[in-house]
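Down below is the structure, laid out as structure tokens.
FYI, it's all coordinate maths here, none of it is from the lab. Given the structure is predicted, the values throughout are model-derived calculations rather than measurements. Here the Cβ positions follow ideal geometry from the backbone for every residue, glycine too, while neighbour counts run over all protein chains shown.
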There are 2 protein chains.
Amino acid sequence: MNRKMQWLRNQLLSLDLQGMIVSNPVNIRYLTNIRAEGTLLVTRKENIFITDGRYIEDVHNTLTLFDEIVVYDARGLSQDDYENFFMFCENVGFEENYVTYAKYKEYMHRYKINNLVETENMLEKQRMIKDEDEIENIKKACEITDKCFEYIVNYIKPGMTEKQIAREIDDYYYKYAEGTSFDTIVASGENSSKPHAIPTNRKIQNVDIITIDMGCKVNGYCSDMTRTFFVGKVPEYVKPVYELVLKNQEQVLNDLRENSNTKQIAKMVDNDFRLHNYDLIHALGHGVGLDIHEAPVLGVYSENTLKENMVVTNEPGIYIAGQFGVRIEDTVLINKGSCEALTKSPKKYIIIK
Amino acid sequence: MNRKMQWLRNQLLSLDLQGMIVSNPVNIRYLTNIRAEGTLLVTRKENIFITDGRYIEDVHNTLTLFDEIVVYDARGLSQDDYENFFMFCENVGFEENYVTYAKYKEYMHRYKINNLVETENMLEKQRMIKDEDEIENIKKACEITDKCFEYIVNYIKPGMTEKQIAREIDDYYYKYAEGTSFDTIVASGENSSKPHAIPTNRKIQNVDIITIDMGCKVNGYCSDMTRTFFVGKVPEYVKPVYELVLKNQEQVLNDLRENSNTKQIAKMVDNDFRLHNYDLIHALGHGVGLDIHEAPVLGVYSENTLKENMVVTNEPGIYIAGQFGVRIEDTVLINKGSCEALTKSPKKYIIIK
């Protein structure tokens, strides 16, 4: 059995759970490498993946004997089969943050389980700490993102639309990686005041401000980076905002390490912004892995302590509605006494001439 | 108030619900046009959208006074505010097929609701019947898909990879529509035996079989079309399978109309496939709208009766593991006495020379 499935079995044992239903496809991929719709059952005796005809061939190609996972086509399973899976199991875990209320009721009924037990993001918490392979994948995704950014800064010319630039980034990622890890944001001029702007047909002006939020995937693992940069020149009224964001982003890079308290760090940024009459309107950062947004959250509303080998973003931003916005973001690897920014693109004023 | 919100209020009244929490962003978009993370509350007195700082500006730009929707930033809301929203409400509806078990418990607690009531896909059922504007959008998406298919058939040459072809389709959709409605499938040779194949670096051969499953979005509304076609010539061993799939696809087009029983129709295809020792391993079709897969399902496991102005797919397929597959799919508008295929690309042997 692979290391991660073995870990899960040990966890269940320690929680007095006799089985678990894993429904979140990202968790299933994390545990088994399977990329298909279906449900993973960890029963007393077996690991079982229930899928359907569309995926059977693919799943068989992914798994090896070593995985010790039995694959069933849902069409071949009777009500009795379902009831047998967790026979004599008192407590069976499930993912209460993924499974819908309706599915929860269906599971109870279908598997005849008396006690479906919340597992409190057990898998998501484990996924926070990356192993060597996972870090390697994220590093590669970050390297490609740096190269893509260098490419795109040279590519952008006044007159191009945001959509066109976003498309060029997507093409780059499609060519050199597994595509984007989220919808690329290219927000120029007043659009940059929207943190989650969708690229429009707005044309880049001769003097302009551009925020690009971009990331790609390598073996399923994501990168995430944002830079705000300029065309022609840096308007004087933007400078204080840019420098305030940059100062805080760099301060956070200094502060992030094993045992950092994320709430404290986010609070410091928020306080500094408030001192200057701005607000930190979104979280300071988030975990990155198989999901582009995963645990932990780095924000003022939740208390988290960082651990070695977590990968998180550091992305303070200030947005002035209808005018402009500045966000600077790196993907960061947490080490024992410090952290390492895995995205390394320059942050001092980049000006496209 | 807009027509759809008014409809929802009437529904709630008839179900003796004094309010509803709408969480599914697709349902929120359907009802309000809002495209942002957040929660829509229908209370006794008001329509409320709770979002966060990232989206406030955008939501205000989307809504007009006519919408009668009050927008709140979640950061400004206290526990008291939340409890006031549904004060004196006995029964409040929620989307049990979207809301997670954990969220369900959170809603109960946050809004102090005694009775959260399952609404049995009320919104999804309403979304099945398209209005004029919705049909217009889907028609446009289908037209663009036909044009894209014509373009791509002329574009494909032996030596190109599946990925390259998929990318070309995506580029086309990005240029002429709002992008793809799902991950484009380009599956050639033995890969075509996987119904949900992911495009690979396999190169198109001089004699080859290619299945392309493609669709785009117009104003959020999807199209969906599949064709299996050939390079060089049609291998003799493929012909009986192709003709069996095509015969059934055309028969289904003859049978689909208001009051069709979808289970019966799927059963007929399944029976005909079985007569020839094949299987219908996936559903015969599904609804299409703001979601690429929505209600109703057309399959042998569920009973559905079609209604005028539903839009569904008709997509029989046969897959021979490790060898090849054939699928032919149209997006279809249901009329009173017949149906109309909105995707109109040719189905008789297409051969690229």
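Hey, got the average number of other protein chain Cβ atoms within 10 angstrom for residues in A:51-57? Please list the in-between numbers first.
On the way: counts 0, 4, 6, 9, 3, 4, 8.
That works out to 5 on average.
FRET efficiency for A:E303 and A:N10, Cβ-Cβ distance as r, R0 = 25 Å, nearest 0.05?
On the way: r = 27 Å, r/R0 = 1.07.
Computed FRET efficiency for A:E303 and A:N10 comes out at 0.40.
Roughly how many nanometres apart are two label points built 7 Å out from the Cα toward the Cβ at B:Q126 and B:E150?
My value for the distance between the label points is 3.9 nm.
State the dimensionless ratio Rg/Rh of the range A:293-353 (Rg: radius of gyration of Cα atoms; Rh: Kirkwood radius). The partial results should precede the final answer.
Details: Rg = 14.4 Å, Rh = 13.8 Å.
With Rh from the inverse mean 1/r over Cα pairs, Rg/Rh is 1.05.
What GluC sites (Glu not before Pro) in the range B:283-320 are in a loop by DSSP, with at most 16 other Cβ atoms within 10 Å of the Cβ? Kindly include the intermediate steps, with their values, before the conclusion.
On the way: sites: B:E294, B:E303, B:E308; in loops: B:E303, B:E308.
Loop-located and lightly packed - B:E303, B:E308.
Can you tell me the orientation of helix B:239-255 relative to chain B, as the angle in degrees between its alpha-carbon axis and the longest Cα principal axis, to the nearest 10?
Roughly 40 degrees between the two axes.
Mind pulling the angle between the C-alpha long axis of helix B:262-275 and the longest principal axis of chain B? Nearest 10 degrees, somewhere in 0 to 90.
The angle comes out near 30 degrees.
If you take the Cα atoms of chain B, find Rg, then find the Kirkwood Rh from the mean of 1/r over all pairs, what is Rg/Rh? Could you put the intermediate results ahead of the total?
Numbers: Rg = 23.0 Å, Rh = 22.1 Å.
Rg/Rh: 1.04.
For A:F182, what residues show an amide H to amide H distance below 5 Å, using hydrogens built from the backbone and excluding near sequence neighbours?
Residues meeting the amide H criterion: A:G215.
Out of the trypsin sites (Lys or Arg not before Pro) in the range B:311-349, which ones are loop residues according to DSSP with at most 11 other C-beta atoms within 10 Å?
On the way: sites: B:R327, B:K336, B:K344, B:K347, B:K348; in loops: B:K336, B:K344, B:K347, B:K348.
Sparse-neighbourhood loop trypsin sites (Lys or Arg not before Pro): B:K336, B:K348.
Gaussian network model of chain B, Cα springs within a sub-10 Å range: biggest mean-square fluctuation belongs to which of B:R167, B:R75, B:R110?
Of B:R167, B:R75, B:R110, the most mobile in the Gaussian network model is B:R75.
Stick to the Cα atoms of the range B:104-237, pair each with every other, and give me the Kirkwood hydrodynamic radius in Å at one decimal.
On the way: mean 1/r = 0.0583 Å⁻¹.
In the range B:104-237 this quantity evaluates to 17.2 Å.
Determine the percent antiparallel among the DSSP beta bridges restricted to chain A, to the nearest 5. Could you put the intermediate results ahead of the total?
Values: 41 of 54 bridges.
Of all bridge pairs located within chain A, approximately 75 percent are antiparallel.
Filter the trypsin sites (Lys or Arg not before Pro) in the range B:1-52 to those in DSSP coil with at most 13 other Cβ atoms within 10 Å of their Cβ, and list the result.
Details: sites: B:R3, B:K4, B:R9, B:R29, B:R35, B:R44, B:K45; in loops: B:R35, B:R44, B:K45.
Hits after loop and neighbour filter: B:R44, B:K45.
Go through B:V70, A:F86, B:F229 and say which Cα lies farthest out towards the positive end of the charge dipole of the protein assembly as shown; charges sit on Cβ, +1 for Lys and Arg, -1 for Asp and Glu.
Projecting each Cα onto the dipole axis, the largest value belongs to B:F229.
Would you please give the FRET efficiency between B:L65 and A:H196, computed as 1/(1 + (r/R0)^6) with r the Cβ-Cβ distance and R0 = 22 Å, to the nearest 0.05? Could you put the intermediate results ahead of the total?
Working: r = 25 Å, r/R0 = 1.11.
E between B:L65 and A:H196, to the nearest 0.05, is 0.35.
Can you pull the mean other chain C-beta count within 10 Å for peptide B:97-107?
Working: counts 4, 3, 3, 9, 15, 10, 4, 5, 3, 0, 1.
The shielding value for this peptide is 5.
For A:K125, list the lysines whose Cα falls under 18 Å from its own Cα; do not include residues on the same chain fewer than 8 positions away.
A:K4, A:K263, A:K307
Return the lysines within reach of A:K233: Cα separation strictly under 25 angstrom, same-chain partners fewer than 8 residues apart disregarded; answer none if there are no such residues.
Within the straight-line cut-off, A:K233 pairs with A:K147, A:K157, A:K163, A:K194, A:K203, A:K247, A:K344, A:K347, A:K348, A:K353.
Taking each label point as 7 Å beyond Cα in the direction of the beta carbon, state the distances from B:E90 to the same residue in the other copies, shortest first, in nm.
4.1
How many nm separate the modelled label positions at A:M87 and A:T161, each set 7 Å beyond the Cα in the direction of the Cβ?
Spacing of the two 7 Å Cα→Cβ label points: 6.2 nm.
Can you show me the helix-derived [θ] at 222 nm for the protein assembly as shown, built from DSSP H runs with n ≥ 4 at -39,500 (n - 2.57) apiece and divided by the number of residues, rounded to the nearest 500. Walk me through the numbers on the way to the answer.
On the way: 20 runs with 242 residues, N = 706.
Counting only the DSSP helices, I get -10500 deg cm²/dmol.
List the distances, in nm to one decimal, from the label point of B:N259 to the label points of the same position in every other copy, shortest first, placing each label point 7 Å from Cα along the Cα-to-Cβ direction.
For B:N259, the inter-copy label distances come out at 7.7 nm.
So what's the protein assembly as shown giving for Cα Rg divided by 2.2 N^0.38 Å, two decimals? Walk me through the numbers before you get to the answer.
Numbers: Rg = 26.2 Å, N = 706, 2.2 N^0.38 = 26.6 Å.
Its radius of gyration relative to the 2.2 N^0.38 Å reference: 0.99.
Considering every pair of different Cα atoms, what Kirkwood radius, in Å, is found for the range A:3-127?
Numbers: mean 1/r = 0.0684 Å⁻¹.
Evaluated over the range A:3-127, this radius sits at 14.6 Å.
Find how much the distance from B:A74 to B:N271 grows on full extension, using 0.36 nm per residue of separation minus their present alpha carbon separation; answer in nm with one decimal.
Numbers: separation 197, 0.36 × 197 = 70.92 nm, distance 5.41 nm.
Computed gain between B:A74 and B:N271 is 65.5 nm.
With +1 on the Cβ of every Lys and Arg and -1 on the Cβ of every Asp and Glu, and nothing else charged, how large is the dipole of the protein assembly as shown about its Cα centre, in debye rounded to the nearest 20? Please list the in-between numbers first.
Numbers: 84 positive and 106 negative charges, 291 e Å.
Around 1400 debye, computed over the protein assembly as shown.
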